[in-house]
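What follows is a set of notes on a single structure, which appears directly below.
The values are calculated or read from the model by the stated rules, or taken from the named source; none is laboratory data. Because the structure is a prediction, the values reported are computed rather than measured. Note: ideal-geometry Cβ built from the backbone for every residue, glycine included; neighbour counts use all protein chains shown. To get the accessible areas, we keep the full protein, side chains included, count just its heavy atoms, and leave off ligands, DNA and RNA. Shrake-Rupley method; radii C 1.70, N 1.55, O 1.52, S 1.80 Å.
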Amino acid sequence: MFKVTKSAADQVKNAAQQGDSEGLALRLAAQKNADGTYQYQMGFDETTEDDIKFASEGVNIVMAPEYVPLLDKATLDYVKLEEGEFQFIFINPDDANYSSIS
């Protein structure tokens, strides 16, 4: 099942407060490229009746059913890449880029 780290959850909650998006769920999507790498998308959104809904670290998450197999083993983290530079990253063992960040 998809997971959110505490660091990512704290940042998502902060972004929701700052962006006037409190009460909206975090929508996730992914696309698998021909080379086995993945592209990820996320943003705050309303839920629909067809969405898969769950929570991780206090963050309400939604995704369309077709994205569940692509994101099932993934984790969303918020990490320091360089001094003063933080970024959300998706850690997904099914992504061909996974070995380069693990």
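Applying D = kT/(6 pi eta Rh) to region 56-102, where Rh is the Kirkwood radius over alpha-carbon pairs, T corresponds to 37 °C and eta to 0.692 mPa s, the Stokes-Einstein value obtained is 267 µm²/s. Taken per residue, the accessible surface of the chain reaches 62 Å², heavy atoms only and a 1.4 Å probe. In the chain, the portion of solvent-accessible area held by carbon and sulfur atoms comes to 46 percent [1.4 Å probe, whole percent, DNA, RNA and ligands not counted].
Dividing the helix sum by the residues of the chain, where each DSSP H run of 4 or more adds -39500 (n - 2.57), gives a mean residue ellipticity at 222 nm of -5000 deg cm²/dmol. Note on P(r) over Cα pairs in 5 Å bins from 0, in percent: of the candidates [x] 3, 15, 26, 26, 19, 8, 2, 0; [y] 2, 11, 16, 17, 13, 15, 15, 8, 2, 0; [z] 2, 12, 23, 25, 19, 12, 5, 1, 0, the value calculated from this structure sits at [z].
In the structure shown, the pairs LYS53/LYS80; LYS53/LYS73; LYS32/LYS53; LYS3/LYS73; LYS32/LYS80 are assessed against 20 Å; a Cα-Cα span above that value is assigned to LYS53/LYS80; LYS32/LYS53; LYS32/LYS80. When +1 charges are put on Lys and Arg Cβ atoms and -1 charges on Asp and Glu Cβ atoms, the dipole computed for region 7-61 relative to its Cα centre reaches about 200 debye.
When only the Cβ of Lys, Arg, Asp and Glu is charged (+1, +1, -1, -1), the dipole of the chain relative to its Cα centre reaches about 260 debye. When you filter the GluC sites (Glu not before Pro) in region 1-88 for DSSP loop state and at most 14 other Cβ atoms inside 10 Å of their Cβ, you are left with GLU22, GLU46, GLU49, GLU83.
Please work out whether region 1-53 counts as rounded, prolate or oblate from its C-alpha gyration tensor, where a ≥ b ≥ c are the square roots of the eigenvalues and a/c under 1.5 means rounded, while otherwise a/b larger than b/c means prolate and anything else oblate? Taking the square roots of the gyration eigenvalues as a ≥ b ≥ c, region 1-53 is prolate.
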